Amino acid sequence: MNHPTIHANRGQAFEKALNTTHSQYKEKRIALIDKTSGTSHIGTYKGRALYFEAISTRERTRFDLSNIDKTQYERMEEAQSHGAICFVLIDFAVFHEVMFVPFSTFQINRLHASTGGQGSIPKDDFEHYGYVVQKTKRARLDYLLLVDMMINAKPVAI
């Protein structure tokens with residue numbers, strides 16, 4: 001049976017899971033991550049700066065780009081220009097699934113939207129541009145496994 005209070009608190013459950021994860025990372029001396037304001041998080045991991053947004057949505061078919069406001073977007077762009085690893089964690093609450101999406105995906109889609117394209121990213125696109133965050137022994141939402149993947153990625157020659 002579905003309880004209305006459970007549905008109303010899905011964003012809070014995501015926030016609690018992130019807080020637990022950040023405590024686990026800190027206790028194990030893996031990373032230091034703090035929530036700064038709203039949905040913004042900053043930290044350090046393996047000597048690298050991290051900057052990310054964590055957003056919960058009940059949408060089933062898309063993620064609206066407006067979920068990341070102009071100030072949040074500009075801060076991530078600025079942090080990335082200084083070498084920070086930037087990404088968005090999206091809690092698709094109806095699917096009980098948290099996706100890790102590199103910030104570059106939002107940059108491309110926002111540029112596309114500014115020239116008349118969609119103001120949202122279809123949920124199916126995240127299967128190509130994002131990664132499901134897994135629970136591991138070291139953390140409840142072990143998104144740093146995916147940060148490792150970004151750190152170790154080799155640039156593609158153009």
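The values are calculated or read from the model by the stated rules, or taken from the named source; none is laboratory data. Everything quoted here is computed from the prediction, not taken from an experiment. Here Cβ is always computed from backbone atoms with ideal geometry, including for glycine, and neighbour counts include all displayed protein chains. Accessible surface areas use protein heavy atoms only, side chains included; no ligands, DNA or RNA. Shrake-Rupley method; radii C 1.70, N 1.55, O 1.52, S 1.80 Å.
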Open item on the list: Whole-Hz ³J(HN,Hα) for each residue in segment 15-28, computed from phi via Karplus 6.51 cos²θ - 1.76 cosθ + 1.60 with θ = phi - 60°, x for glycine and proline: what do you get?
Closed with: 4, 5, 4, 5, 4, 4, 4, 5, 5, 5, 4, 5, 4, 8
Task: Protection proxy ranking, peptides 113-120, 87-94, 46-53, average beta carbon neighbours within 10 Å, highest first - done: 87-94, 46-53, 113-120
Open item on the list: Below 8 Å, C-alpha to C-alpha, sequence gap of six or more: please give me the relative contact order for the chain in percent.
Closed with: 20 percent
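Give me the net charge for the shell around residue 81: Cβ to Cβ below 15 angstrom, other residues only, Lys and Arg +1, Asp and Glu -1.
Every neighbour counted, the sum reads -1.
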TODO: Rounded to whole Å and sorted largest first, list the principal axis extents of the Cα atoms in segment 89-158.
DONE: 44, 37, 14
Task: Area accessible to solvent at residue 129, 1.4 Å probe radius, in Å² - done: 120 Å²
TODO: Would you work out what percent of the accessible area of the chain, with all protein chains in place, is carbon or sulfur (probe 1.4 Å)?
DONE: 52 percent
- [ ] Pop out the ³J(HN,Hα) list for segment 52-60 in order, Karplus 6.51 cos²θ - 1.76 cosθ + 1.60 with θ = phi - 60°, rounded to Hz; leave Gly and Pro as x.
- [x] 8, 9, 10, 10, 9, 9, 9, 4, 9
- [ ] Would you mind working out the accessible area per residue for the chain, using a 1.4 Å probe, and quoting it in Å²?
- [x] 60 Å²
Task: Kirkwood-Stokes translational diffusion coefficient of the chain, alpha-carbon pairs, 4 °C, 1.567 mPa s, µm²/s - done: 79 µm²/s
- [ ] Place a +1 charge on the Cβ of each Lys and Arg in segment 62-158 and a -1 charge on the Cβ of each Asp and Glu, then give the dipole magnitude about the Cα centre in debye, rounded to the nearest 20.
- [x] 260 debye
TODO: From largest accessible area down, sort 132, 98; use a 1.4 Å probe on the protein chains.
DONE: 132, 98
Open item on the list: Taking every DSSP beta bridge with both residues inside segment 40-92, roughly what % is antiparallel (nearest 5)?
Closed with: 45 percent
Task: Helix-only CD estimate at 222 nm, as mean residue ellipticity for the chain, using -39500 (n - 2.57) per DSSP H run (n ≥ 4) - done: -11000 deg cm²/dmol
TODO: Enumerate the amide H contacts of residue 134 below 5 Å, restricted to partners 5 or more residues apart or on another chain; note that Pro and chain-start residues carry no placed amide H.
DONE: 142
- [ ] Please figure out what share of the DSSP beta bridges in the chain is antiparallel and state it in percent, rounded to the nearest 5.
- [x] 75 percent
